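**Student:** Sharing a structure here in structure tokens format.
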Amino acid sequence: MKTTTGQKIKIGVFTFIGLLVLVLAVFFIGNQKNLFSSTFNVYGTFKNVSGLQVGNNVRFAGINVGVVHAINIVTDSSVRVDLTLDNKVKKFIKKDAALSIGSDGLMGDKLVVIHAGGVTSTQTIEDGGQLSSIAPVDIDKIIVKLTRVIDNAESLTGGLSEIVAKVNNGKGSIGRLLNSDKLSKDLEGTVKQAKTTMANVHTTTTTLNTDLKAAQSNFLLKGFFRKKKKQAQKDSANKANAKDTKQ
């Protein structure tokens, strides 16, 4: 069966469209990864890259400006991360800029964030230069701590629930007090009796003060109270003189 001219044209059109889509995809991906633009390289070292992978984005001021070019272990406590950046942002990245590892959203891919410098240096970073790094947050440790907090909160909530249940059922001193009418009435009576006693004490004190003032005005006891007052003044003077002598 021979291929007709129309079929050949259709095959040619589909082939052309496929090649065009492929070229556009390569161009789009290359543009995203800065394959077709002028670039320069910088690097930083981390103790832990926290799941960062080659090809992840690099952001500066919230904008994608490059990609992670390579990740290599230097020592047992140091990992080198090489970045390929768009040459357009080179003039904005100073030598005192810093690198940190973040994530694209709460659960997104890891990425490298460039924090602007210019505080201690106004010189731009050179091609192949090193930037300081900020230690990434250890998510695993945070999750462990949150798990402990949740477990403790669960235990505390369970304990409080048991206590409230016992109180509602009249168990324990507080439960009996809150659920027993007799104890409540006895407590109320005790409070009233205490108030009455305090009122009586106040009345008695007022009466004693009145009687004492009246006794001081009595001509038979005036001499006694004068002697007490003079003796008190004399004792105060002796104490003051003794204190001055010690000093």
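The values are calculated or read from the model by the stated rules, or taken from the named source; none is laboratory data. All values derive from a computational prediction rather than experimental measurement. Glycine gets a Cβ as well: all are built from the backbone with ideal geometry, and neighbour counts include every protein chain shown.
**Student:** Scan the stretch 194-215 for residues that are more than 30 Å from Lys228 (Cα to Cα) and either among the basic types (Lys, Arg) or at pLDDT below 75 (or both) and jot them down.
**Tutor:** Lys195
**Student:** Which of (1) outside any helix (DSSP H, G or I); (2) of a type outside the set (Phe, Trp, Tyr); (3) at pLDDT 75 or above is the odd one out, the single condition Gly170 does not satisfy?
**Tutor:** For Gly170, the failing item is (3).
**Student:** When you look at Val74, is it part of a loop (DSSP other than H, G, I, E, B), more than 31 Å from the chain's Cα centre (by Cα) and modelled with pLDDT of 90 or more, yes or no?
**Tutor:** Answer is no for this residue.
**Student:** So which residues in the stretch 68-91 are surrounded by 15 or more Cβ atoms within 10 Å (Cβ to Cβ) and farther than 13 Å from Leu52 by Cα?
**Tutor:** Thr84, Leu85, Asp86, Val89, Lys90
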